[in-house]
Amino acid sequence: MDKLASAPKTIDELKSQVAAAQWTTEEALQNPQIDPKGFLREVKLVQKVRELRRISEEDFIAMSQDPETIVLDARSAAMYKLLHVKGAVNLTFPDVTEEALAKVIPTKETRVLIYCNNNFKNAPIAFAPKNLRASLNIHTFTVLHNYGYKNVYELKPLLDRETTGIAFEGTEVDAAQQQAEAK
């Protein structure tokens, strides 16, 4: 049931092909055709830029202090609720679309800092163990770059949640504070 004639090369071409396909079944809407080779090609094209835009913990902290900077978390809403970088905005993996990004990021020149499961350890509930996590940074960086966002940076290192200087918030932090206050 491949209704897309060929792999689209631009977002406008994809929109045009999807509209022309006239999806007729609920299943087709739930399971659109994805071109993994096309996505991998896009990842490879932005790899050098991504490598140059990977930043240290210190730079991440310094940049995130600017009120004009957007810190973006692409993990699930449940994981975000448990624990996230203080002030971060949550856009789940499937919600990283051009329309959703435009609502969260004021301009294509706005500085955006991204992080995901691959950046923190010793927080196994909110940041899955290494063998169970996918790098959402690759997807998020690639999508932002392809939509024309010029000022995107990715947290580089794997940090220990318990010793990092990055501030967190969420229900896990709230529970720890309540326990400390009760003592």
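Data overview
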quantity: Selection within the stretch 95-121 - loosely packed, with under 13 Cβ neighbours inside 10 Å and of a type in the set (K, R); calculated: K103
quantity: L72 being part of a helix (DSSP H, G or I) and at pLDDT 90 or above; calculated: no
quantity: Residue list for the stretch 48-65, restricted to those being surrounded by 13 or more Cβ atoms within 10 Å (Cβ to Cβ) and free of Cβ contacts under 8 Å to residues at least 12 places away in the same chain; calculated: none
quantity: Test: residue in the stretch 40-54 that is within 21 Å of H145 (Cβ to Cβ), touching a strand residue (DSSP E or B) at 6+ places or on another chain (Cβ under 7 Å) and of a type in the set (A, V, I, L, M, F, W, C); calculated: no
quantity: Single condition L83 does not satisfy, out of (1) in contact with an Asp or Glu (Cβ under 6 Å, 6 or more places away or on another chain); (2) at pLDDT 90 or above; (3) of a type outside the set (G, A, S); calculated: (2)
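Conditions (1) crowded, with 18+ Cβ neighbours inside 10 Å; (2) modelled with pLDDT of 90 or more; (3) in a helix (DSSP H, G or I), marked per residue:
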{"residue": "L40", "(1), (2), (3)": "no, no, yes"}
{"residue": "V46", "(1), (2), (3)": "yes, no, yes"}
{"residue": "P67", "(1), (2), (3)": "no, yes, no"}
{"residue": "A78", "(1), (2), (3)": "no, no, yes"}
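The values are calculated or read from the model by the stated rules, or taken from the named source; none is laboratory data. The structure displayed is predicted, hence computed values, not measured ones. Here the Cβ is made from the backbone with ideal geometry for all residues, glycine too, and neighbour counts use every protein chain on show.
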